[in-house]
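In what follows, a structure is listed as structure tokens, so that the remarks can point back to it.
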Amino acid sequence: MHAAVPHLGIDPAWEAGDPAGLAPEHAQHLAELESLDHELAALYRRGAEVLAGAANPAALDQRRAALLGRERGVITLALGDLPGLPLDERKRRGRGLNQVKRWLAEIEAARRSQLEREAEARAATGLDLTLPGRRPWVGRRHVLAQIQGELLDLFHGMGYSVYTSPEVELEPYNFTKLNFPTDHPARDAHDTYFVRPEVLLRTHTSPGWVRAMEERKPPLRRVFPGRVYRAEHVDATHMDQFHQIDGLFVDRDVSLADLKGTLAAFAREIYGAKIRTRLVPVYFPFVEPGAQMDVACVLCGGTGIEHTPAGEKRCVVCKGTGWLEVLGAGMVHPNVFSAVGYDPEEVTGFAFGMGLERIAMLRYGVPEIRLFLENDLRFLSQF
Ligand code: DAH
């Protein structure tokens, strides 16, 4: 009869490997132990297998500690039990345990260098399957591109197709053909950057109408999205570049009622079905009559009063008026038709133009126009 060897500390769940590749004499050692001491043979077999089965250096450390650890390792504990055994048993067990200890240490060292070689091979190919994956970086459209897309969809549904015209524009297209007389004060609001006296950065997207009309005969239904420039003093609500969309509808018998219907559809789409609007007469050289469309203030709902915990105060968004100007519009001026070769006696038309930054600022409560151009992802990723 042999005394039991404590297997305590060898986790039965540890996966086994094949020690034969690590220790050529494994089978021989096992047979030797088997004839000497069945218990020792079982300990050696299991120990060799869990060392061979360690998948990485950390697992190998853990298993080595359980088997060969100087204080709580299985071998150390078994050696500590020897003094209680009869003399011949003590001798045989003592010799066997020392052999098991040496052979397991050899297998452990062999497995360790095998793991190291595998890691080096992985590093050499640049492929480390143990690294966590990289999350793909998903971008999104700029908030202004989103709003532009929304508006183009809306107008596309009403029969408008897109016309793009140059950002670097000829002076007559930006001004003269749009009925801005030379030296007229209306040009003051459109101070811009000149490339040459006749070539400038466009101040609005309205020059697109002239190009579209010169290209083809009426009827015509177009929208004109794009970037525009003005020599503005830059502050929280003014930039020297921003974005607009103009719309143009030319046919026989187009009326102001058609314009109102179109603008009402736009306002409902962008500001919600219940939005209140009004048209206020305003001068623009290229339309007659000209108007601005206002919508009821998005903050105070049109009352002009903001209710705060501290009491009532004048609404900061509409400055107490209850209304916000959102676009310019009007019936195309006969002089513009003449400038493009259309007969003002035969055709009529309406046009409108709006700023995209303003729509975004009102919709999302953005207080600072410069944010749209800074490309700060902390801002852009909110939309
Ligand atoms: N182009 C004008 C501007 O930028 C806005 C505008 C007003 C456009 C009236 C229009 C319009 O189409 O009919 O200030």
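Here are the numbers:
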read-out: Residue-span extension gain [ALA105 to ALA42] - 0.36 nm each, minus C-alpha spacing; value: 21.0 nm
read-out: Gyration tensor (alpha-carbon) shape descriptor, the range 1-106, a/c threshold 1.5; value: oblate
read-out: Helix 38-52 axis, angle to the chain major axis (alpha carbon atoms, nearest 10°); value: 20 degrees
read-out: Per-pair calculated FRET efficiency, R0 = 35 Å: THR130 and GLN382 via Cβ, rounded to 0.05; value: 0.45
read-out: Virtual spin-label span in nm between GLU71 and GLU150, 7 Å along Cα→Cβ; value: 6.7 nm
read-out: Angle between the chain longest axis and helix 143-157 axis [Cα atoms, degrees, rounded to 10]; value: 60 degrees
read-out: Gaussian network model of the chain, Cα within-10 Å springs - most flexible of HIS333, HIS243, HIS184; value: HIS184
read-out: Alpha-carbon gyration tensor eigenvalues x 5, square-rooted, for the range 84-190, Å; value: 89, 17, 13
read-out: Separation in nanometres of the label points that stand 7 Å from Cα toward Cβ, at GLU269 and HIS184; value: 2.9 nm
read-out: Percent RCO, i.e. relative contact order, over the range 19-125, from Cα pairs under 8 Å lying at least 6 residues apart; value: 31 percent
read-out: Accessible area, probe 1.4 Å, largest first, for residues THR348, THR130, THR192; value: THR130, THR348, THR192
read-out: Positive dipole terminus of the range 117-213, leading residue within THR164, PRO207, LEU178 (C-beta point charges); value: THR164
read-out: Directionally averaged shadow of the range 274-346, computed from the convex hull of its alpha-carbon atoms, nm²; value: 6.3 nm²
read-out: Residue-normalised accessible area of the chain, expressed per residue, 1.4 Å probe, Å²; value: 54 Å²
read-out: On Cα atoms only, tilt of 256-271 relative to the major axis of the chain in degrees; value: 20 degrees
read-out: Projected label distance in nm at SER338 and VAL280, using a 7 Å step from Cα toward the beta-carbon; value: 3.1 nm
read-out: Most mobile listed residue (SER338, SER35, SER165) in the chain, GNM with C-alpha springs under 10 Å; value: SER35
read-out: 10 Å binning of all Cα-Cα separations within the range 39-93, expressed as whole percents from 0 upward; value: 23, 45, 25, 8, 0
read-out: Residues in the range 227-242 that a label on ASN375 would reach, taking backbone N under 19 Å of a point 7 Å out along Cα→Cβ; value: 227-228, 240-242
read-out: All Cα pairs of the chain, percent lying beyond 30 Å; value: 60 percent
read-out: Residue among VAL347, VAL50, VAL295 with the largest mean-square fluctuation in a Gaussian network model of the chain, springs linking Cα atoms under 10 Å; value: VAL50
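The values are calculated or read from the model by the stated rules, or taken from the named source; none is laboratory data. Only a predicted model underlies this, so the values are computations on that prediction, with no experimental measurement involved. Using ideal geometry, Cβ is built from the backbone for each residue, glycine included, and neighbour counts are taken over all protein chains shown. These accessible areas exclude ligands, DNA and RNA; they are computed on the full protein's heavy atoms, side chains included. Shrake-Rupley method; radii C 1.70, N 1.55, O 1.52, S 1.80 Å.
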